[in-house]
Amino acid sequence: MRIDVDIRKTLRSNGREFVLDAKFICEDDRSVVFGPSGAGKSITLRAIAGLETPDHGRIAIAGKVLFDSSLGIDVPARDRSVAYLFQDYALFPHLSVVENIGFGLKPWWQRGLSADVMRRVDELLELFELRGLGRAFPVELSGGQRQRVALARALIRHPDVLLLDEPFAALDPLLRERMRDELLKTRSLFKVPMLVITHDPDDVAVLAESLVVMEQGRVGQTVDLKSSSYRDEEGHVNDRAIRALLVRGMDGKAQPLRSSIRAVK
Amino acid sequence: MLSSHEVLVPLLLTLKVAGWATLLATVAGVLIAFTIARFRFPGREILDAMMTLPMVMPPTVLGYYLLVLLGRRGPIGGWLEANLGISLIFTWQGAVIAAAIVALPLVYKGARAALEGVEPQFEQAARVLGKSETSVFLQVTLPLAWRGILAGAMLAFARAMGEFGATLMVAGSLPGRTQTLSIAVYEAVQAGKDDVANFLVIVTSVVCITILLASGRLLRPAAAA
């Protein structure tokens with residue numbers, strides 16, 4: 001799966017200007033865009049999902065052009081076949097867990113879920129360890145459960161790619177580790193490529209096969225983390241090498257990234 | 001003695017007029033509120049002000065405008081008369097339109113606040129899940145905003161029930177045909193029928209207070225959970 005992004009967008013608010021100029025290609029099944037908050041990661045991810053329209057540029061997934069300003073192509077979000085996991089999951093508060101998961105497959109004129117969809121929802125409840133919670137509402141769930149519901153809701157439509165916006169930022173540190181493992185298992189089970197944006201170096205170390213570093217609206221290096229320089233002899237990720245890489249930042253100079261990197265121990 | 005002619009007839013007529021007026025005002029109010037809450041377009045501010053205008057304008061002035069528009073020689077009334085053979089002046093349907101215009105700001109304001117209170121993120125989540133704009137509105141926006149819309153519609157109903165000035169201008173005071181409760185109260189007082197007036201006043205008050213309490217309940221934050 002190849003994701004091509006080459007977009008520009010200028011945002012103005014309160015007399016300040018932010019210029020996004022993002023160009024990168026992801027070819028691995030597990031790509032991570034890393035950068036401090038305010039780097040333009042979210043807006044890039046939203047543009048891929050069709051929730052934000054770039055001023056210029058081109059976005060393609062697996063060769064399918066989703067946006068191309070020079071050709072006047074802008075596929076609406078509903079037709080992009082991407083799944084998007086919002087940072088706080090955006091579960092529909094007026095719907096139960098079952099209704100949330102089945103939402104994408106229920107037309108508005110239909111009262112309940114069809115038997116076919118219900119069967120798939122049941123399978124997903126089982127798979128995501130949500131059995132017995134089908135009738136619960138989002139407010140009644142823990143953070144981890146909410147994330148599982150959001151994943152099930154996103155994956156029931158078999159998307160081409162799974163986009164995740166800071167997927168673990170809303171969770172406790174201990175739960176984060178577990179949910180990362182769960183996400184990896186889910187990803188390989190559904191065989192869906194994923195693109196994660198994060199400012200958490202641990203996400204990079206655990207999730208990434210390839211890494212894109214963003215800062216101040218621009219994209220720096222794209223790094224192949226499968227290469228031996230970031231792995232030990234057994235092929236495990238070398239945490240230290242990755243951290244050193246992230247601290248060097250976009251230009252590869254030993255200069256801390258603005259804001260968030262300083263919070264990292 | 002109170003006769004059903006003096007009490008029941010205006011009461012039923014009022015409920016009918018207020019019911020239709022509320023329906024009309026709610027559909028129009030929600031659509032316009034949605035347009036203003038979600039889209040930026042030239043004339044947006046003017047449309048917003050227009051929607052609020054009936055709240056501050058004297059009902060008789062509104063009624064006069066309607067009379068000019070809907071009258072036999074008016075642009076809308078003339079067209080209806082010539083093409084469909086319909087005249088709205090001095091009919092209960094005319095009273096419905098007058099009441100709907102006067103009630104519109106209440107449902108518009110309520111609906112706008114409710115629709116603007118819906119997190120855009122839920123609508124975006126629905127779009128990424130493959131939903132058309134119609135589906136997003138019907139499956140996400142409306143269900144999340146319905147309390148505020150319903151509260152607005154109930155206030156609109158109460159306002160429509162009490163409508164006097166504009167209704168009198170457009171539909172007159174024809175007993176059994178266009179004489180609604182509030183107009184009947186006026187007529188009863190004028191005619192010295194205090195028992196009729198007392199009874200009508202109490203009925204109107206009870207209905208209006210009940211509606212206010214119910215709509216207040218709908219808007220209470222605790223009820224939203």
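The values are calculated or read from the model by the stated rules, or taken from the named source; none is laboratory data. None of these values were measured; they are calculated from a predicted model. As a convention, Cβ positions derive from the backbone with ideal geometry for all residues, glycine included, and neighbour counts pool all protein chains shown.
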Practice task
Kindly check whether there is at least one residue in region A:87-100 that is assigned to a loop (DSSP other than H, G, I, E, B), within 13 Å of another protein chain (Cβ to nearest Cβ), among the aromatic types (Phe, Trp, Tyr) and at negative phi.
Solution key: yes
Problem - Only one of A:Arg119, A:Arg187, A:Arg180 that is crowded, with 18+ Cβ neighbours inside 10 Å, out of contact with any helix residue (DSSP H, G or I) (no Cβ under 7 Å at 6 or more places or on another chain) and away from chain B (no Cβ under 14 Å) - result: A:Arg187
Practice task
Provide a single number: the residues in region A:131-172 that are under 25 Å from A:Leu195 (Cβ atoms) and assigned to a loop (DSSP other than H, G, I, E, B).
Solution key: 12
Fill in the blank from the handout: Being touching a residue at least 40 places away in the same chain (Cβ under 8 Å), crowded, with 18+ Cβ neighbours inside 10 Å and either more than 11 Å from chain B (Cβ to nearest Cβ) or within 24 Å of A:Val33 (Cβ to Cβ) (or both) narrows A:Ala170, A:Ala150 down to just A:Ala150
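Listed here are the residues, each with its yes/no results for (1) crowded, with 16+ Cβ neighbours inside 10 Å; (2) out of contact with any Ser or Thr (no Cβ under 8 Å at 6 or more places or on another chain).
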| position | (1), (2) |
| --- | --- |
| B:Pro42 | no, yes |
| B:Leu67 | yes, yes |
| B:Leu88 | yes, yes |
| B:Gly94 | yes, no |
Fill in the blank from the handout: Here the residues within region A:103-119 that are more than 28 Å from the chain's Cα centre (by Cα) and among the basic types (Lys, Arg) are A:Arg111
Problem - Answer residue from region B:175-201, given it is closer than 15 Å to B:Leu12 by Cα and either hydroxyl-bearing (Ser, Thr, Tyr) or exposed (fewer than 14 other Cβ atoms within 10 Å of the Cβ) (or both) and is farthest from the other protein chains (Cβ to nearest Cβ) among those - result: B:Gly176
Exercise for the section: Please determine, by comparing only the residues of region B:202-217 that are among the hydroxyl-bearing types (Ser, Thr, Tyr) and within 21 Å of B:Trp146 (Cα to Cα), which one is surrounded by the fewest Cβ atoms within 10 Å (Cβ to Cβ). Expected result: B:Thr210
Practice task
Hey, could you check region A:233-265 for residues that are surrounded by fewer than 12 Cβ atoms within 10 Å (Cβ to Cβ) and charged (D, E, K, R) and say which is modelled with the highest pLDDT?
Solution key: A:Arg240
Exercise for the section: Working only within region B:116-131, note down all residues that are facing another protein chain (nearest Cβ under 9 Å) and farther than 26 Å from A:Asp160 by Cβ. Expected result: B:Glu119
Problem - Conditions (1) more than 14 Å from chain A (Cβ to nearest Cβ); (2) in a helix (DSSP H, G or I); (3) out of contact with any Pro (no Cβ under 6 Å at 6 or more places or on another chain); (4) not hydrophobic (A, V, I, L, M, F, W, C); number of the one not met by B:Ser87 - result: (2)
Exercise for the section: Of the conditions (1) modelled with pLDDT under 95; (2) within 14 Å of chain A (Cβ to nearest Cβ); (3) surrounded by 24 or more Cβ atoms within 10 Å (Cβ to Cβ), B:Leu142 clears all except one; give me its number. Expected result: (3)
Practice task
Tally the residues that are within 14 Å of chain B (Cβ to nearest Cβ) and either among the charged types (D, E, K, R) or assigned to a loop (DSSP other than H, G, I, E, B) (or both), restricting the search to region A:104-116.
Solution key: 8
Handout entry: Hits in region A:122-140 - residues which are surrounded by 15 or more Cβ atoms within 10 Å (Cβ to Cβ) and closer than 25 Å to A:Val161 by Cβ
Key = A:Leu124, A:Leu125, A:Leu127, A:Phe128, A:Leu130, A:Pro138
Exercise for the section: Considering each of A:Gln145, A:Gln87 in turn, give the residue that is modelled with pLDDT under 95, buried (at least 17 other Cβ atoms within 10 Å of the Cβ) and closer than 19 Å to A:Thr186 by Cβ. Expected result: A:Gln145
Fill in the blank from the handout: Among (1) surrounded by fewer than 24 Cβ atoms within 10 Å (Cβ to Cβ); (2) touching a helix residue (DSSP H, G or I) at 6+ places or on another chain (Cβ under 6 Å), B:Ala103 falls short only on (1)
Problem - Residue match in region B:104-115 (condition: within 14 Å of chain A (Cβ to nearest Cβ) and under 19 Å from the mean Cα position of the chain (by Cα)) - result: yes
